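*Asks:* Dropping a structure here in structure tokens format, bear with me for questions.
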Amino acid sequence: MQQPMLVLKNNTKRESGRKVQLSNIKAAKTISDIIRTCLGPKAMLKMLMDPMGGIVMTNDGNAILREIQVQHPAAKSMIEISRTQDEEVGDGTTSVIILAGELLKVAEPFLVDNMHPTVIIAAYRQALEDAVSMMRNEVAKPVDTDNREEMVKIIKSSLGTKFMKGWNDLACGIALDAVKCVRINDQSAGGYNEIDIKRYAKVEKVPGGSIEMSEILDGVMFNKDVTHTGMKRRIENPRIVMLDCNLEYKKGESQTNMEFMQETDFRKILQLEENYIKDICDDIIALKPDLVLTEKGVSDLAQHFLLKAGITAVRRLRKSDMNRVARAVGGQIVHRTEELKDSDVGTECGLFEVKKFGDEYFTFLTKCKNPKACTILLRGASKDVLMEVERNLLDAMNVARNVMIDPFLVPGGGAVEAAVAHRLIEKSKEIQGVGQWPYRALAEALRIIPKTLMQNCGVNTIRTMTNLTAKHATTGSTWGVDGETGNIVDMEEFGVWDTLQVKSQVFKTAIETAILLLRIDDIVSGVKKQSDIDAEKMAGKFQAANPQEGPEE
Amino acid sequence: MTTTQSISLFGEREKGESVRTQNMTAAVAIANIVKSSLGPVGLDKMLVDEVGDVTVTNDGATILKLLEVEHPAAKVLCELAQLQDEEVGDGTTSVVIIAAELLRAANELIKMKVHPTTIINGYKLACKESVKFIQDNLSVPAADLGKNCLANVAKTSMSSKIIGSDKDFFSNIVVQCAELIRFTNTRGEQKCPIKTINILKAHGKSVRESQMIKGYALNCTVASQLMPKSIKNAKIACIDFSLQKSKMKLGVQVVVDDPEKLDAIRQRESDITKEKIQLILNSGANVILTTGGIDDMCLKYFVDAGALAVRRCKKEDLKRIARATGAALVASLSNLEGEESFEPSFLGAADEICQTRICDDELIIIKGTKAKPAASIILRGANDIYVDEMDRSVHDSLCAVKRVIESKAVVPGGGCVEAALSIYLENFATSLGSREQLAIAEFAQAMLVIPKTLVVNAAKDSTELVAKLRAFHNASQTIEAKRAFKWIGLDLENGKCRDNKDAGVLEPAMSKIKSLKFATEAAITILRIDDMIKIYQPSKEDPNSYANAVREGRM
């Protein structure tokens, strides 16, 4: 009677029902399998090659997944969560993926048994609430953030799985000092607590030397040299003027033309330009600084004036560097030289020095009295190694920050997961109705973390896991896996701790992602792009707007 | 008379039954796509676009918006969902399902040789009767149900969504927001401008850590890191121009005779902005929000004055802030006398402004706005896809709550209204002696598609449950003593019938009425079609295009 008719566009593909749910679960599992070996102290690095031919060496879950190209939409959303975790707390990116994969895996049998996804979801949600509150109220213990030894221990357990393991003490010290340095706890502004690592703790990587030579500076450092070779390269207790304007003649913004009638005018204008530079240099010299830093350029003439006054100048600093300098040495960044005041001069720096590493010059502003910004100087064999070290340090700093903001700890090495799993299973017995099974399954799924730790160090998983479960049932909730040997140890004595913030975020993100993926029963691909829709909307509005304009006119 | 091919263009033409069947099939196909997302146990769809970006949603309008629909009749249904979304904001899925069902029923009648116009008349009549019935018998004034009414409406709307398992938590947020911004306008009407609620999305933390802020959250950061991060008793200046080094408009040239003047121009350029800033600061402002940029050179003046300046705010945001704080959005400083001035009356006021870090971003939050209360919701969730869907769900609930506040009437949900209508219309049809009787009876049957779909999605026995439901409503309409049965609807978690008015499953009456009207009208539009002419697109190439010119050797 009629030919097949098209309701949707030809290229639209649609899958629905059970098939979609199962394929989502499979995709999630695949992703989690990729990075499973990256968990724990026996983790191995992965070497990734990007399309441009560059390489990344890392065992950071987020860094790995960022580089992987995936096709399946569910896998994409898995990768997203590792990013979320990274941005929110900066650690635990591997465990969140493993956990989410496992949570979906345990849901599979229920779907096959025709349990409605909404039932599973409700149970998961309930379990999440319970798990988070259990963790905070029963398993976590408070920590004294001023106790250096304890803090170092915490950071160590985060670094234990990473490349920096060999230089644990050094790295922990650096991370802790950096975070302490940039912390601002302003009691006057209602306990405003700011720890901005991204802006104020800069990691500078200088290839060469060895990792032991890395250090944290009590000040800042940047990759610049003095503008004129005759200027001093070492000044003690310098007075520093910070500018973000040019020390050279610059034309006005408006378009200006000049027509000369006589030759004297021409000379006059040249004179003016020189005078202008002299004036601004005089403004600076009047303050008797030893060092001038500017974000813009310094002309030869200005260099000459400054040199004569015995002032060292450094030009073309980055804005972010300048902000750090301002926080480290005190003082203000000034735009117009005629507005310079004595209070704008930074005086808290103890030593200005230009050093040479390799064939590059680096400017150091160190021995600051009360720096609120710092630079971490990393040395190492190659750029790739340095990149990985930097990632590790960032993780470590994030751990330190999290502890300072929310000073609670949970036992590491899979202990907290085992403890929560044990409690959830106990609780599941009180739940009525079908929801009990997924609730219980979620509890079991949490044990994937200690299980993976065991797998990665190659012990008998089943036997050890049973031991661990037994320990949690009988004695205390601090028993976990020693990732090196695979033995069961008391984390209280062993000293591996994680921050509560990271762990609860792992649980939240993983379970919520599982919920999101379980709710899907239909995948339609080849739909319109969002931008096309916006364009259509605009066009529609335009048309709609036009007839209205008519009568008003 | 012979039928000759009268169209000489490239195209095809279809008529009569074949086109009707086609339209119906297309409409049903569209309805089938969204069907499984209806109700508290409905599931979500994952939509993947050409680039591979993923959207997960349960909202009918969003699904249909993203689908690339080819068939013209199907397009009508997509537009229908869009219309419902704009007009009501909620109930987009059900409107599509009803419309498709009406079409299907009509097609059956047409096969029995009932003329489409008769059906159209019947549908129109049925729709009118239904609306009257809902208004007279089924709607409940919101005031009668007490304070929980709004929360229940919000809960019903979000129960089918991704935030369904947290509906207590979110309904609280939604209702609080709506209560905060509702006001009575000069004509004594209740208004609830939900557009002023700013919904911000940030991935991270957990769904339950989403928060409502009594104030306005702005997705910007302070212009300079040297500025204070929080200011109490803020005096806010909202300006709509840049504070940059001023320059002449393009094409204006300055010609100077005296070289000295050149320097004066330069000097003046920087001073003009400085004076502007001084004017603003002198008025007592300590928070400056601008849509334009602020030069680095000008930042220092703000820093010196201890003021907080934010650049590149969205104009939309700034307008709302101006309204909430009582500030004037100043487009220029010049006054009527031709001089520059900035009156303290232009300033808005708020208790506190502070910058906080959420996720990896920083937000500026304006708390305790003086002129009008403002509300913002910050949504948190596992990833961007999740938060986007939360945004849509919260928006739908807000819309539903708004409708209740403004129209003050609710109807019980869970298939209650539809079941009641089907009984009522069937009885009504029998009272009618004309041919429309058939159409109205079909309309009554079509209404049942909503309870049926709800039950099917919940994986329960649809025949049995719907029969039970109808029995209750039949009793309520015939037996005086059992009037209270009219509130009976479905309880999908347990697969039973219950009194949905007491259970708190409520929907805005207006949403139901509108969706019924829209669905009927859309069905009628498609029913009227008996001929479809499709013209092939002429080749789009522009004869004057560059490529053509090269090919033809004109270049």
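The values are calculated or read from the model by the stated rules, or taken from the named source; none is laboratory data. Owing to the predicted nature of the structure, the values given are computational and were not obtained by experimental measurement. Using ideal geometry, Cβ is built from the backbone for each residue, glycine included, and neighbour counts are taken over all protein chains shown.
*Asks:* Count, please, the residues in the stretch B:33-70 that happen to be more than 9 Å from chain A (Cβ to nearest Cβ) and touching a residue at least 40 places away in the same chain (Cβ under 8 Å).
*Replies:* Summing the residues that are more than 9 Å from chain A (Cβ to nearest Cβ) and touching a residue at least 40 places away in the same chain (Cβ under 8 Å) in the stretch B:33-70 gives 7.
*Asks:* Separate question: State the number of residues belonging to the stretch A:290-346 that are assigned to a strand (DSSP E or B), touching a residue at least 60 places away in the same chain (Cβ under 8 Å) and closer than 15 Å to A:PHE222 by Cα.
*Replies:* The qualifying residues number 3.
*Asks:* Take B:LYS319 and tell me if it is within 14 Å of chain A (Cβ to nearest Cβ) and part of a helix (DSSP H, G or I).
*Replies:* Numbers: within 14 Å of chain A (Cβ to nearest Cβ): no; part of a helix (DSSP H, G or I): yes.
In short, no.
*Asks:* Here's something else I'd like to know. Which members of the stretch A:323-346 meet the condition of being hydrophobic (A, V, I, L, M, F, W, C), under 28 Å from the mean Cα position of the chain (by Cα) and within 10 Å of chain B (Cβ to nearest Cβ)?
*Replies:* Result: A:ALA326, A:ILE333.
*Asks:* Then there's this: For the stretch B:306-323, which residues satisfy the criterion of being buried (at least 18 other Cβ atoms within 10 Å of the Cβ) and under 23 Å from B:ASN282 (Cα atoms)?
*Replies:* B:ALA307, B:LEU308, B:ALA309, B:VAL310, B:ARG311, B:CYS313, B:LEU318, B:ILE321, B:ALA322, B:ARG323
*Asks:* Ok, one more. Name, by its number, the condition in (1) away from chain B (no Cβ under 14 Å); (2) modelled with pLDDT of 85 or more that does not hold for A:GLY209.
*Replies:* (2)
*Asks:* Of the residues that sit in the stretch B:202-223 and are over 24 Å from the mean Cα position of the chain (by Cα) and surrounded by fewer than 20 Cβ atoms within 10 Å (Cβ to Cβ), which one is farthest from the other protein chains (Cβ to nearest Cβ)?
*Replies:* Within the stretch B:202-223, the first condition is being over 24 Å from the mean Cα position of the chain (by Cα), and the residues that meet it are B:204-206, B:220-223.
Next cut, surrounded by fewer than 20 Cβ atoms within 10 Å (Cβ to Cβ) only: B:220-221.
Working: B:CYS220: 16, B:THR221: 11 Å.
Among those that are over 24 Å from the mean Cα position of the chain (by Cα) and surrounded by fewer than 20 Cβ atoms within 10 Å (Cβ to Cβ), it is B:CYS220.
*Asks:* Please find, within the stretch A:221-234, the residue that is surrounded by the fewest Cβ atoms within 10 Å (Cβ to Cβ) out of those that are β-branched (Val, Ile, Thr) and under 22 Å from A:LYS319 (Cα atoms).
*Replies:* Within the stretch A:221-234, the match that is surrounded by the fewest Cβ atoms within 10 Å (Cβ to Cβ) is A:VAL226.
*Asks:* Still on this structure, please answer the following. Kindly indicate the residue of the stretch B:232-253 that is of a type in the set (A, V, I, L, M) and crowded, with 23+ Cβ neighbours inside 10 Å and also modelled with the lowest pLDDT among those meeting that condition.
*Replies:* The selected residue is B:LEU243.
*Asks:* Moving to a separate point now. Looking only at the stretch B:477-524, count how many residues are assigned to a helix (DSSP H, G or I), β-branched (Val, Ile, Thr) and buried (at least 16 other Cβ atoms within 10 Å of the Cβ).
*Replies:* 3
*Asks:* Here's a check for you: in the stretch B:18-31, which residue that is of a type in the set (S, T, N, Q) and touching a helix residue (DSSP H, G or I) at 6+ places or on another chain (Cβ under 8 Å) is nearest to the other protein chains (Cβ to nearest Cβ)? Steps first, please.
*Replies:* Within the stretch B:18-31, the first condition is being of a type in the set (S, T, N, Q), and the residues that meet it are B:18, B:21-23, B:25.
Right, trim to touching a helix residue (DSSP H, G or I) at 6+ places or on another chain (Cβ under 8 Å) and you get B:21-23.
Values: B:THR21: 7, B:GLN22: 6, B:ASN23: 10 Å.
Here the residue is B:GLN22.
*Asks:* Going through the stretch A:79-96 one residue at a time, which ones are in contact with a Ser or Thr (Cβ under 7 Å, 6 or more places away or on another chain), within 12 Å of chain B (Cβ to nearest Cβ) and in contact (Cβ under 8 Å) with a residue 24 or more places away in the chain?
*Replies:* Selection gives A:ILE81, A:THR84, A:GLN85, A:ASP86, A:VAL96.
*Asks:* Could you tell me whether A:SER157 is of a type outside the set (Val, Ile, Thr), under 26 Å from A:LEU39 (Cβ atoms) and in contact with a Gly (Cβ under 7 Å, 6 or more places away or on another chain)?
*Replies:* On the way: of a type outside the set (Val, Ile, Thr): yes; under 26 Å from A:LEU39 (Cβ atoms): yes; in contact with a Gly (Cβ under 7 Å, 6 or more places away or on another chain): yes.
In short, yes.
*Asks:* Follow-up question, since we're still on this one. Among the residues of the stretch B:11-32, is any crowded, with 24+ Cβ neighbours inside 10 Å and either at pLDDT below 85 or among the β-branched types (Val, Ile, Thr) (or both)?
*Replies:* yes
*Asks:* Given the conditions (1) closer than 28 Å to B:TYR301 by Cβ; (2) free of Cβ contacts under 8 Å to residues at least 60 places away in the same chain; (3) among the aliphatic types (A, V, I, L, M), report the number of the one that A:MET261 does not fulfil.
*Replies:* Of the numbered conditions (1) closer than 28 Å to B:TYR301 by Cβ; (2) free of Cβ contacts under 8 Å to residues at least 60 places away in the same chain; (3) among the aliphatic types (A, V, I, L, M), the odd one out for A:MET261 is (1).
Residues are listed down the side, and each one gets a yes or a no for (1) surrounded by fewer than 23 Cβ atoms within 10 Å (Cβ to Cβ); (2) assigned to a helix (DSSP H, G or I); (3) of a type outside the set (A, V, I, L, M); (4) in contact with a strand residue (DSSP E or B) (Cβ under 7 Å, 6 or more places away or on another chain):
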residue: B:ILE63; (1), (2), (3), (4): no, yes, no, yes
residue: B:CYS78; (1), (2), (3), (4): yes, yes, yes, yes
residue: B:ALA81; (1), (2), (3), (4): no, yes, no, no
residue: B:GLN84; (1), (2), (3), (4): no, yes, yes, no
residue: B:THR93; (1), (2), (3), (4): no, yes, yes, no
residue: B:ALA99; (1), (2), (3), (4): no, yes, no, no
residue: B:LEU102; (1), (2), (3), (4): no, yes, no, no
residue: B:GLU108; (1), (2), (3), (4): yes, yes, yes, no
residue: B:VAL114; (1), (2), (3), (4): yes, no, no, no
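*Asks:* Any idea which of (1) of a type in the set (A, V, I, L, M, F, W, C); (2) touching a helix residue (DSSP H, G or I) at 6+ places or on another chain (Cβ under 7 Å); (3) away from chain B (no Cβ under 14 Å) is the one A:PHE357 doesn't satisfy?
*Replies:* The one condition A:PHE357 does not meet is (2).
*Asks:* What residue, among those in the stretch A:235-264 that are under 35 Å from the mean Cα position of the chain (by Cα) and either among the basic types (Lys, Arg) or surrounded by fewer than 16 Cβ atoms within 10 Å (Cβ to Cβ) (or both), is farthest from the other protein chains (Cβ to nearest Cβ)?
*Replies:* My answer is A:ASN237.
*Asks:* Which ones in the stretch A:10-66 are farther than 28 Å from B:GLU50 by Cα, of a type in the set (D, E, K, R) and in contact (Cβ under 8 Å) with a residue 40 or more places away in the chain?
*Replies:* Of everything in the stretch A:10-66, those that are farther than 28 Å from B:GLU50 by Cα, of a type in the set (D, E, K, R) and in contact (Cβ under 8 Å) with a residue 40 or more places away in the chain turn out to be A:ARG36, A:LYS42, A:ASP60.
*Asks:* If you take the residues in the stretch A:180-193 that are modelled with pLDDT of 75 or more and surrounded by fewer than 18 Cβ atoms within 10 Å (Cβ to Cβ), which one is nearest to A:ILE155 (Cα to Cα)?
*Replies:* Among those residues, the one meeting the criterion is A:LYS180.
*Asks:* Continuing with the same structure: How many residues are modelled with pLDDT under 90 and more than 14 Å from B:TYR424 (Cβ to Cβ) if we restrict to the stretch B:465-486?
*Replies:* Of the residues in that region, 5 qualify.
*Asks:* Let me ask something else. Say we look at the stretch A:474-486 and pick out the residues that are without any contact (Cβ under 8 Å) to a residue 24 or more places away in the chain and in a loop (DSSP other than H, G, I, E, B); which of these is surrounded by the fewest Cβ atoms within 10 Å (Cβ to Cβ)?
*Replies:* Here is the first cut: in the stretch A:474-486, the ones without any contact (Cβ under 8 Å) to a residue 24 or more places away in the chain are A:474-476.
The next check asks that each one be in a loop (DSSP other than H, G, I, E, B); those that pass are A:475-476.
On the way: A:THR475: 10, A:GLY476: 13.
That would be A:THR475.
*Asks:* Answer yes or no as to whether B:ASP258 is farther than 19 Å from A:THR337 by Cβ, in contact with a strand residue (DSSP E or B) (Cβ under 7 Å, 6 or more places away or on another chain), surrounded by fewer than 19 Cβ atoms within 10 Å (Cβ to Cβ) and not aliphatic (A, V, I, L, M).
*Replies:* Numbers: farther than 19 Å from A:THR337 by Cβ: yes; in contact with a strand residue (DSSP E or B) (Cβ under 7 Å, 6 or more places away or on another chain): no; surrounded by fewer than 19 Cβ atoms within 10 Å (Cβ to Cβ): yes; not aliphatic (A, V, I, L, M): yes.
No: the conditions fail for B:ASP258.
*Asks:* Looking for whichever is in contact (Cβ under 8 Å) with a residue 12 or more places away in the chain and within 9 Å of chain B (Cβ to nearest Cβ) here; the options are A:VAL119, A:VAL139. Which one fits?
*Replies:* One residue alone meets the criteria, A:VAL119.
*Asks:* Restricting attention to the stretch A:52-78, and to residues there that are in a loop (DSSP other than H, G, I, E, B), under 20 Å from the mean Cα position of the chain (by Cα) and not aliphatic (A, V, I, L, M), which single residue is nearest to the other protein chains (Cβ to nearest Cβ)?
*Replies:* Taking the stretch A:52-78 and keeping what is in a loop (DSSP other than H, G, I, E, B), we get A:52-54, A:59-60, A:68-72.
Among the residues that remain, those that are also under 20 Å from the mean Cα position of the chain (by Cα) are: A:59-60, A:68.
Now drop any that are not not aliphatic (A, V, I, L, M), which leaves A:59-60.
Working: A:ASN59: 22, A:ASP60: 16 Å.
Checked the stretch A:52-78; the qualifying residue nearest to the other protein chains (Cβ to nearest Cβ) is A:ASP60.
*Asks:* A follow-up question, please. Given A:ASP177, A:ASP196, which one is farther than 30 Å from B:GLU493 by Cα, touching a residue at least 24 places away in the same chain (Cβ under 8 Å) and surrounded by 14 or more Cβ atoms within 10 Å (Cβ to Cβ)? Please lay out each step first, then the result.
*Replies:* Working: A:ASP196 fails: touching a residue at least 24 places away in the same chain (Cβ under 8 Å).
Selected residue: A:ASP177, the only one of A:ASP177, A:ASP196 that is farther than 30 Å from B:GLU493 by Cα, touching a residue at least 24 places away in the same chain (Cβ under 8 Å) and surrounded by 14 or more Cβ atoms within 10 Å (Cβ to Cβ).
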